[in-house]
Amino acid sequence: MASAATAADHNPTVQEQQDALQVHFQPHISADEIEQVYHLKRAQPLLQVFTALFHGGFEGVLVRLLVLRELANDPSVSSFSRADINTRLAYLLPESLETVLNRLRSNGLLAWDAQQGVYRVTPMARNVLSAIDGLLALGQDDDEAEMGFLLSQVAGAQAVGGITADQLQHLLGRLVDLTEEFRDAIASGSEFRLRESQAKWHQACDWVEKGSEILRAITSDENADSATHRAAQAIGRAQSALLNMQGMFSRALNQIERQRVHLGQSGLSTTDIKRWLLEHADLASLAEGAVDQPVKPLFITPAEMIDVAETELLAERVSAQGNSLPAGQDAPTTINDTPAMQKELDDWLARLSDFANLNNFPSIAEESPKEIPVHESLLPASFAVASYRASLLPLLGDASEASLQGATAELARLPLSFTPSDTMVKLPDLEVAAISMASLSLILESGKADE
């Protein structure tokens, strides 16, 4: 009777649980009026399983997961006697093992068959372990973008037809977070932060490529509800914004490259020095042997005083006589070579400006569109020069770039519209075998391209 009374004390009634929950809310707000509270309370059995596993210190959590994984990792055995459990977990103390088994059994992770006297791992426990193992496996991979687990959940749910809008919202939230993180890195102007974010951006693009087919399947599924369709479309827009940041990274890095300071004729730059300093964990150790002992005071004797007075007297005589300036010398002649890429940009800008002239732009008939294939503006040229020119095409019509100064700003202000496509066209060129089919259109005086 005493133990039953104690158990009743530790199992509060539904009303007591409701009162304990209501304490956390405003007096005029009922907890049952909130939708998320309803969904979480409906999942109470599952949440209690996680509470049983992860409540307490890390050491206790580790032992519980260890026992449950040891019993669930052998698919050839469906039940375990107490003797089998003692043999498998002989490295644990009997008291600790008994405590863990009682906790797992009382929370539905282990089922006790009294007739046969054996333990069985419950389906709920296997689901929980599968989710934890998936998260642990993806956490060990080199996934700096931290999108692997979210995308795997979406892919698995879509494969079995159980995808929800909430799962897509988690993935959308991560994409938005990454976009903001990359924008902050670009705005910081730090080369090291930019390169670190660019590496993470490449990993995020790999995950975007893997998830594009899943999103296409979701948007083409007629059985999906409207909330799921809207979430999938929002993810598609977020992915497009993420992929379009390549040009922003390139412009920011090019700007830093132009502003890099070199130390004399050594070839070393401030970036090289900072990278070398970052490789040292203890910067104070670099001063060992390089910094001498502090200056020690010395007492002045009459002999030193006479020497100082004589020096000062001679210095005054020399200054009274006047000092003649040394003969002038011609400054050394230096040649400032214009960078090859800058000259290439100027030449190509002049060529595009010629294209932008209405009289020089190709005209086939009066009603024909004023446009040219993009490869006519890129070629003939070497592969490196053609690639450099193609990387600058997205700047056409860029309002933020057009407000700046320089050659790229002049390029952005040209009355040309760049229209890319996903198809490829083969070219009879020795350097470039194929190129994406795109066009350059002339923007008329009304402000719109002639389409």
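Throughout, read-outs are computed from the coordinates displayed, never taken from laboratory work. Predicted model only: the values in this text are computed from it and were never measured. Note that each Cβ is placed from the backbone with ideal geometry, even for glycine, and that neighbours are counted across all protein chains shown.
Some values worked out for this structure:
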| quantity | calculated |
| --- | --- |
| Long-range amide H partners of MET147 with built H, under 5 Å | none |
| Sorted largest first, extent of segment 360-442 alpha carbons per principal axis (Å) | 38, 36, 25 |
| Order of THR219, THR408 - criterion: other Cβ atoms within 10 Å of each residue's Cβ, fewest first | THR219, THR408 |
| Approximate spin-label separation LEU277-ALA137, in nm, with each point projected 7 Å along Cα-to-Cβ | 4.5 |
| Potential extension, VAL176-GLU146 segment - 0.36 nm per residue separation minus Cα distance | 9.5 nm |
| Residue exposure sequence - MET248, MET124, MET424 - by fewest surrounding Cβ within 10 Å | MET424, MET124, MET248 |
| Reciprocal mean inverse distance between Cα atoms of segment 143-253 - Kirkwood radius, Å | 14.5 |
| HN-Hα J in Hz across segment 74-87 - Karplus 6.51, -1.76, 1.60, θ = phi - 60°, x for Gly and Pro | 10, x, 7, 10, 9, 9, 9, 7, 5, 5, 5, 5, 4, 5 |
| Theoretical gain in end-to-end length, GLU288 to LEU430 [0.36 nm per residue, Cα-Cα removed] | 45.3 nm |
| Inter-probe distance in nm under a simple model that places probes 7 Å from Cα toward Cβ, at ALA43 and LYS296 | 7.3 |
| Net length gained if the chain between ALA384 and GLU59 were fully extended (0.36 nm per residue, minus Cα distance) | 111.2 nm |
| Candidate lysines for bridging to LYS200, where Cα separation is under 22 Å - those fewer than 8 sequence places away on the same chain excluded | LYS210, LYS274 |
| Relative exposure of TRP348, TRP276, TRP207, TRP112, judged by other C-beta atoms within 10 Å (fewest first) | TRP276, TRP112, TRP348, TRP207 |
| Efficiency of FRET between ARG258 and ALA217 - r from beta-carbon atoms, R0 41 angstrom, step 0.05 | 0.35 |
